[in-house]
Structures are given as C-alpha cells and as structure tokens.
Amino acid sequence: MLIDIQDVYKIYGEGTEAEVRALDGVSLTIDRGEFVAVVGQSGSGKSTLMNILGCLDVPTRGTYLIDGQDVDELEDAQLSHIRNKQVGFIFQSYNLIQNLTAYENVELPLIYQNVSVFRRREMVLEAMERVGVADRWKHHPSEMSGGQQQRVAIARAIAAKPPIIMADEPTGALDSHTGKEVLHFLQELNKEGSTIILITHDNSIAATARRVVRISDGKIIEDREQEVDWL
C-alpha cells in the first residue's frame, strides 16, 4: 500500500467558536499504480486533503503513512525529501517562476535533489520533449500560452520520475482541447505505472480516473471504482 491515512482531521481554530474542520475524520488508502479522482466542490476539503497527502501540510490528528513511513515521525528534511523525490505536483495556476525560462523551471527541483548538471540536462530535455515543449526551452512563462505553461509544469512534475503525481485542477485554466490533452497525458502516465491523484470539482474530468473519491464538508461520502473514459 502506497498511501494510508486513518481518521485524519485538519482543524483550524480548534476549540473556538470559529472552529473549522477542513477534514473531519478522513480515512483513505491508495495502492501503487492507481488513478484516483478526489471530487468535491469549493470548500469541501479536497485541496486540504491533497496538501496533506503531498506532505505540504500536516494533519491536526490522525495517522498518515506514505510507503510505510509515518509522516508524523519525519523531520522537515525528510518531508522535503518526500516532496522532492516521491511526489510531482501539477497546479491549476502552473506555479512557474516568471523570471526563469521553461528549461530552468523544469530544472529547479532537480537542483534541489543535487542531480548532476549533465544528468539534469538529460532529464529536463526528456521531460520537455515528452510533453511537446522542447522548442520552448528558452521562453519565459509570459512568452507562452496557458497550455504551454501547463505542459512545462507537467514536465517539471515528471522530470525526476516520481511514483506519485498529484494534479490539483490541472485543466481549470485551459481550453477544453488543451485540457483533454493534459488528462490524456495523465492517463498515459498511469498506464506506465505512476500513481495519479487528481483533484477536481468536475464530474466529467473525474470520469478519466479509475476510481472516484467524493468529499463533502471534510468527509468522504463516496469511494467507488468506475469504468474509465479513455481519451
């Protein structure tokens, strides 16, 4: 089992009148190689869940094991290692650094991983070629379309070949055609063995996943397998 969270809470303002339970006793397991869509409306807790799964945040209470490791027992450096080596993040807003070129944006996480210069070049160009933006390697984000920026963001996420890809509304800022291309690429990564966790509010996007986990008011209200809408 790759991911195992049990009775996880994320509470803001605990014990006060303004207490908010962003996650309210969530339990979820995800096996290696699954494609899971976490579906919910704004404020449902889906992004909070992704932040905890990706070790960007920690739960108020509960247990989270990733690849058998108890996250609560890990030091900051170990959590950073998990974020850098085991998880690739794709965000709706791309999160590219504006004063860096496309190449440099994809390269940056590899620098943090202390990958050698020669090996970094191989990994960056391979990832950019794969998503179709190798010819934009010198361009800055402001010189690229939204679709091209998202492809660069995907290249950044996959360059180190992490076992887990977390995509938070990855098509939200894209036109329907480009969004479909992004979802198709996630399906291809899943076929190759990557574990995909897709965060979305859109049922039609969730239809591309093999499993749907529906969340509302910080609680999981549905967890089911489904026939996949292959793109």
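The values are calculated or read from the model by the stated rules, or taken from the named source; none is laboratory data. All values derive from a computational prediction rather than experimental measurement. Note that each Cβ is placed from the backbone with ideal geometry, even for glycine, and that neighbours are counted across all protein chains shown. When the accessible area is computed, the model is the full protein with side chains, heavy atoms only, and any ligands, DNA or RNA have been set aside. Shrake-Rupley method; radii C 1.70, N 1.55, O 1.52, S 1.80 Å.
In table form, for the structure just shown:
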| read-out | value |
| --- | --- |
| Net charge of Cβ neighbours under 14 Å - reference Pro162; Lys, Arg +1; Asp, Glu -1 | +3 |
| Beta bridge orientation in the chain: antiparallel %, DSSP, nearest 5 | 50 percent |
| Residue-normalised accessible area of the chain, given per residue in Å² at a 1.4 Å probe | 48 Å² |
| Size of electric dipole in the chain: Cβ of Lys, Arg +1 and of Asp, Glu -1, about Cα centre, debye, nearest 20 | 700 debye |
| Amide H contacts under 5 Å for Gly88, placed H, 5+ residues apart | Ile164, Ile165, Met166 |
| Sulfur and carbon atoms: percent of accessible area, the stretch 9-94 [1.4 Å] | 42 percent |
| Net length gained if the chain between Asp57 and Ser216 were fully extended (0.36 nm per residue, minus Cα distance) | 55.3 nm |
| Entries in Lys10/Lys180; Lys138/Lys191; Lys46/Lys180 that, when Cα-Cα distance is taken, lie over 27 Å | Lys10/Lys180; Lys138/Lys191 |
| Local net charge near Gly88, Cβ-Cβ under 11 Å (Lys/Arg +1, Asp/Glu -1) | +4 |
| Other-chain or far-sequence residues with amide H under 5 Å of Leu23's (modelled H) | Lys10 |
| Cα→Cβ-extended label distance, 7 Å offset, between Gln69 and Val228, nm | 2.8 nm |
| Stretch in the chain that is longest and holds no trypsin sites (Lys or Arg not before Pro) that DSSP places in a loop and that have at most 14 other beta carbons within 10 Å | 33-137 |
| For Asp223, residues with placed amide H under 5 Å, excluding near neighbours | Arg214 |
| Rounded FRET efficiency, nearest 0.05, which uses the C-beta distance separating Ser27 from Lys161 and R0 of 25 Å | 0.30 |
| Estimated distance in nm for a label pair at Ser145 and Glu14, the labels positioned 7 Å out from Cα along Cα-to-Cβ | 4.8 nm |
